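Let me begin by presenting the structure, written as structure tokens, before commenting on it.
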Amino acid sequence: MLTKAAKKIFSLLIKIGVLLLALVYIYHQFIEKGDSLKRFQQLVDHISQQQVTITMSAIVLLMLLNWILESIKWKYLINRVQKISIWESIEAVFCGLTWAIFTPNRLGEYAGRVLFLPNRKRIHGVFAMAVGAFGQSVITNVLGACALMWYLYTYSHLNIYIYIWIFVSAIIFMVFFLVLFFHIQWIVKLLDYIPYVKKYHRFFDIMGRYTKPELFKIMGFCMARFAVFSFQYYLVIHLLIPEMPVIQMMLMVLILFFVQSALPSLDLLDVGVRSATASVLFAHITTQSLAVVAAVSSIWLINLIIPAILGSVFVFKLKFFDRNV
């Protein structure tokens, strides 16, 4: 059993370790992606400075709006477990982003958030957060599948019977995701059939407590966030490649989100995967692949690195053992 002093020392070492890992990641990414950022600077040098300033300021403000919406959603989700203020929710969300950048599939984001909760509420918090993440995934997959159907019809030249089979499969896939989200208690019932999982029912039961009106409200938050970061992509791509058709651009962005969500990732490599995927997709509607990569890299910098830096301020507020240590 650790003494209170030992717990404090151990807690401090963990916090310092988290900050060091985040700083190493950020440094690595700036070195690794320096060419893309330089390319972005070269591209905007030929554009009106006022237009660049307005556009990039709007993107930064949209980033803040995006994470504030996520903070409101987190406060709403966790209300079933623990009452927290909107500021506490903002601290938890930004701190989670600091943890997320160096963990596979951003799993550290869960730890960064729930460590702001009392010990006994943390596992409940993980499952509450999973409901919000599932809602965000539903939006990404449903809209992405719709855009993918357009892509296959327009560019793949598949046999009509194969396309119809894929189209029907996509409809089933989308309906399944939507129905499952609004009947998320089915997941709870399924987990209750697994012998070694059933004994933890008191933790995952939280997922089944959300009513349909509450799930619709959670989905509303997810849709609002999706609209915000989609608009960010529109602004930066339109800034660099103003002649690109808007509808085709946004459909490609939806497919980019869809493909990205399907791939296991480490944020350490995430921007490279996004850039490669974007280059392949957007090659159908533009020859300016470097501008596309530069746009994706700039969005990555604003949406991930800046919040992670801001979140590092809150790391030292974490309580690893109890509310007093």
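From the set of residues in the range 91-109 that are in contact with a Phe, Trp or Tyr (Cβ under 8 Å, 6 or more places away or on another chain) and free of Cβ contacts under 8 Å to residues at least 24 places away in the same chain, which is nearest to MET63 (Cα to Cα)?
Here the residue is GLU109.
Let's see how each residue does on (1) surrounded by fewer than 20 Cβ atoms within 10 Å (Cβ to Cβ); (2) at pLDDT below 90; (3) under 23 Å from LEU64 (Cα atoms); (4) touching a Leu at 6+ places or on another chain (Cβ under 7 Å):
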site	(1), (2), (3), (4)
TRP87	yes, no, yes, no
THR98	no, yes, yes, no
LEU107	yes, yes, yes, no
ALA128	no, no, yes, yes
SER137	yes, no, yes, no
PHE167	yes, no, no, no
LEU178	yes, no, no, no
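Which condition breaks for SER71 when tested against (1) buried (at least 17 other Cβ atoms within 10 Å of the Cβ); (2) polar (S, T, N, Q); (3) over 21 Å from the mean Cα position of the chain (by Cα)?
All conditions pass for SER71, except number (3).
Each row is one residue, and each column tells you yes or no for (1) aromatic (Phe, Trp, Tyr); (2) farther than 18 Å from ILE305 by Cβ; (3) surrounded by 20 or more Cβ atoms within 10 Å (Cβ to Cβ); (4) modelled with pLDDT of 85 or more.
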site	(1), (2), (3), (4)
SER57	no, no, no, yes
ILE78	no, yes, yes, yes
CYS95	no, no, yes, yes
ILE101	no, no, yes, no
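Can you confirm whether ILE171 is under 27 Å from ASN303 (Cβ atoms), β-branched (Val, Ile, Thr), without any contact (Cβ under 8 Å) to a residue 40 or more places away in the chain and surrounded by fewer than 16 Cβ atoms within 10 Å (Cβ to Cβ)?
Against the criterion (under 27 Å from ASN303 (Cβ atoms), β-branched (Val, Ile, Thr), without any contact (Cβ under 8 Å) to a residue 40 or more places away in the chain and surrounded by fewer than 16 Cβ atoms within 10 Å (Cβ to Cβ)), ILE171 does not qualify.
The values are calculated or read from the model by the stated rules, or taken from the named source; none is laboratory data. These figures come from a predicted structure and were not determined experimentally. All Cβ positions, even for glycine, are placed from backbone atoms using ideal geometry, and neighbour counts span all protein chains on display.
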